[in-house]
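To start, the structure under review is shown below, and the notes come after it.
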């Protein structure tokens with residue numbers, strides 16, 4: 001039989017766990033606007049990810065000017081309110097859930113993805129089209145800090 005004191009201790013531990021879980025979730029949800037222009041040297045890399053199954057990593061050139069004063073050129077991304085800092089990475093990571101490439105054509109001209117399947121198929125199609133075409137697109141990203149001290153930006157959503 002569990003004593004009354006042990007019951008209180010267990011309840012306190014559960015409450016503390018919920019408080020810390022909520023605080024971590026609230027901190028992780030801070031997202032920032034990133035403005036990009038596809039084309040140029042921008043590329044997308046579709047890869048296995050041990051934690052999420054699949055990741056799409058978008059590599060771009062870093063703009064030194066904020067997008068609010070100078071829209072990025074082809075292949076560049078810019079923060080809305082400031083230029084990129086030297087130590088900031090030139091990539092963002094997108095996790096498409098269970099979405100996978102269903103059909104692709106491989107030829108001398110390159111790889112053309114014809115269709116996707118999964119819960120984020122439309123979103124992934126929009127993102128990869130944006131990477132290829134020299135038009136402005138918007139992302140919301142949040143910073144993820146790894147246990148080794150490094151960090152990266154993860155895409156929360158497409159659009160402003």
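The values are calculated or read from the model by the stated rules, or taken from the named source; none is laboratory data. The structure displayed is predicted, hence computed values, not measured ones. Because the Cβ atoms are built from the backbone with ideal geometry, glycine has one as well, and the counts that use them run over all protein chains shown.
The residues of region 46-62 that are more than 16 Å from residue 141 (Cα to Cα) and either modelled with pLDDT of 95 or more or surrounded by 15 or more Cβ atoms within 10 Å (Cβ to Cβ) (or both), listed by number, are 46, 54, 61.
Name the residues in region 34-61 that are outside any strand (DSSP E or B) and in contact (Cβ under 8 Å) with a residue 24 or more places away in the chain, would you?
Passing the criteria: 38, 39, 40, 41, 42, 52, 60.
Would you confirm whether or not region 132-142 contains a residue that is out of contact with any helix residue (DSSP H, G or I) (no Cβ under 7 Å at 6 or more places or on another chain), farther than 16 Å from residue 76 by Cα and not in a strand (DSSP E or B)? No, the conditions are met nowhere in region 132-142.
What do you reckon, is residue 136 in the same structural domain as residue 39 (by TED's automatic domain parsing) and within 20 Å of residue 52 (Cα to Cα)? No; evaluated as a whole, the condition is false for this residue. Scan region 104-111 and tell me whether some residue there is modelled with pLDDT under 85, within 17 Å of residue 55 (Cα to Cα) and not in a strand (DSSP E or B). No. For residues in region 65-92 being surrounded by 14 or more Cβ atoms within 10 Å (Cβ to Cβ) and without any contact (Cβ under 8 Å) to a residue 24 or more places away in the chain, which is nearest to residue 153 (Cα to Cα)? Looking at residues that are surrounded by 14 or more Cβ atoms within 10 Å (Cβ to Cβ) and without any contact (Cβ under 8 Å) to a residue 24 or more places away in the chain, I get 84.
Selection of region 33-43 for residues being at pLDDT below 95 and under 14 Å from the mean Cα position of the chain (by Cα) yields an empty set.
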